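Q: Before I ask anything, here is the structure I am working with.
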Amino acid sequence: MYELRNLTKTYTRGKDTIRALDAVDLTIPQGDRLLIQGPTGGGKSTLLQMLGALDRPTSGELLLDGTDLAKLSEARLTRLRSENIGFVFQSFNLIPTLTAQENVETALVPLGVKTKERRELAAEALESVGLGERRAHLPAEMSGGQQQRVAIARALVKRPKVLLADEPTGNLDESMRDEIMDVLERQWKEHGLTFIMVTHDSAIAKKAPRVATIRKGRLTVRENAGA
Ligand SMILES: Nc1ncnc2c1ncn2[C@@H]1O[C@H](COP(=O)(O)OP(=O)(O)O)[C@@H](O)[C@H]1O
Ligand SMILES: [Mg+2]
């Protein structure tokens, strides 16, 4: 599904050049579940941004199903993103003035889904994360765990091929962390997604079959035979 070859991303700040990703090689098969770990500033979020076509690499290849994302126009990247890629962030990123239902529907607007179908699909997605009863609630009226479940429904309502999650449990207390991990795990299994998640939680990483670690932009992958 993903094929990264010699992928480098640099940022320039004044006179300094930061190598956020440094010659990364990585293959991610379809349906895989990959965890990404590493110290703050190591390059985890930058890698997720590359995989999610939010930004382009400075050099190297980034193939998604054979298409080099580094070479696509902005318009094609935007389209590819809205069709194929679901994001979940640490900070939920819900729109505060919209209800749960409306927040989920926003993901279908760029795809040209008609109002009635949008309503049905969003209601279904909220149902599948256990929030069928909360559709009319605003984000401020929900707990952190519930808000993150809305964000998961929003990411998945369009049936993307890829789910990218950047520290999705980072703002949650322990009891909610397990709940969110269960929801993500179930969605991954049910939808045959390719699921790539950044996490600081070493308990989660211990149970994962494949873990990538990024330090100073350099990536290594460890297979976890026992998991
Ligand atoms: N937009 C940006 N402009 C400049 N530097 C950036 C930008 N985004 C990230 N960086 C730098 O790139 C490095 C990797 O950052 P990041 O990918 O956010 O790490 P992580 O998610 O592992 O904490 C850091 O040194 C960070 O300061
Ligand atoms: Mg980060």
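Readers should treat all values here as calculations from the given coordinates under stated rules, not as data from a laboratory. Nothing here was measured: the structure is a model prediction, and the numbers come from that model. A quick note on method: Cβ atoms are made from the backbone with ideal geometry, for glycine too, and the neighbour counts reach across all protein chains shown.
Q: Give the residue, chosen from T78, T40, that is within 14 Å of ligand 2 (Cβ to nearest atom), out of contact with any helix residue (DSSP H, G or I) (no Cβ under 6 Å at 6 or more places or on another chain) and either at positive phi or not in a strand (DSSP E or B) (or both).
A: T40
Q: Filter region 47-71 down to the residues that are within 16 Å of ligand 2 (Cβ to nearest atom) and within 15 Å of Y2 (Cβ to Cβ), then identify the one that is surrounded by the most Cβ atoms within 10 Å (Cβ to Cβ).
A: Residue satisfying both the conditions and the ranking: L47.
Q: Within region 168-203, restricting attention to residues that are within 16 Å of ligand 1 (Cβ to nearest atom) and more than 29 Å from R118 (Cβ to Cβ), which residue is surrounded by the fewest Cβ atoms within 10 Å (Cβ to Cβ)? Don't jump to the end; show me each part of the working.
A: Keep residues of region 168-203 that are within 16 Å of ligand 1 (Cβ to nearest atom), which gives 168-171, 196-202.
Filter once more, so that each one left must be more than 29 Å from R118 (Cβ to Cβ): 170, 198-202.
Numbers: G170: 15, V198: 23, T199: 22, H200: 15, D201: 16, S202: 9.
Out of the qualifying residues, it is S202.
Q: Quick one: K44 ticks every box in (1) surrounded by fewer than 19 Cβ atoms within 10 Å (Cβ to Cβ); (2) in contact (Cβ under 8 Å) with a residue 40 or more places away in the chain; (3) among the basic types (K, R) except a single one, so which number is it?
A: (1)
Q: Here's a check for you: in region 43-68, which residue that is part of a helix (DSSP H, G or I) and among the polar types (S, T, N, Q) is farthest from ligand 1 (Cβ to nearest atom)?
A: To start, the set of residues in region 43-68 that are part of a helix (DSSP H, G or I) comprises 44-51.
Next, from what is left, pick out any that are among the polar types (S, T, N, Q): 45-46, 49.
On the way: S45: 3, T46: 3, Q49: 8 Å.
Only one residue tops the list, namely Q49.
Q: Pairs under 7 Å by beta carbon, first residue over 15 Å from I180 (Cβ atoms) in region 131-147, partner of a type in the set (F, W, Y) and buried (at least 18 other Cβ atoms within 10 Å of the Cβ), six or more apart or different chains?
A: none
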